[in-house]
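Just so it is clear, none of the values below were taken in a lab; they were calculated from the coordinates. All figures in this text were calculated on a predicted structure; none of them were measured in a lab. Positions of Cβ are backbone-derived with ideal geometry, glycine not excepted, and every protein chain shown enters the neighbour counts.
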Amino acid sequence: MKACALLAVTSVCSDDWLVARIRKRPFDNDTEVRIGDIHLGNSCLVTRMLSFNYEFSYPIIYCGIKKFIFQGNDVFILSEINYKPRLDTSYTFPVVCFMKRLIFSSLVTFGLNGHEINLLSDSSQVRRVQQSSISFQSEKCEPDFSSVQKEQKSLHQQ
């Protein structure tokens, strides 16, 4: 297998999903892979045919896909696409996907009590923001219908 065949596979992933694509012509000799001759991992079939690629889209709990967590927030998803055009010939294309998890140190209520919280920077930042201009109707949590009653009176007077 030539080095260019290794570039025939692309992948994207999340913490629980893998999408891998292989070119329909992964080799230099213009040979087109037939859909029945390829599978992801342990026999998962192509889920989508595109113009120039075959796509496999599966949750990582299927197909023998392996997930490794490194240093708490780096995730590696590993699998392979197997191509078996004849009984005596087979090719394996590695599928590798890397993602970095966002780790939140704790559950935080966002934007309440006059504070804004930014967890997406390198260090969590909390800053005081101007209070909203929303006015509450009463301390007793009872609705204030005085404006509605005035409107209704003016409608009846017409």
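Between residues in segment 48-60 that are of a type in the set (D, E, K, R) and residues that are assigned to a strand (DSSP E or B) and surrounded by 15 or more Cβ atoms within 10 Å (Cβ to Cβ), which pairs lie under 8 Å by C-beta distance while being six or more apart or on different chains?
Every condition considered, the pairs that remain are R48/Y54; R48/E55; R48/S57; E55/V19; E55/A20; E55/R21.
How many of the residues making up segment 17-65 are hydroxyl-bearing (S, T, Y) and surrounded by 15 or more Cβ atoms within 10 Å (Cβ to Cβ)?
Of the residues in segment 17-65, 3 are hydroxyl-bearing (S, T, Y) and surrounded by 15 or more Cβ atoms within 10 Å (Cβ to Cβ).
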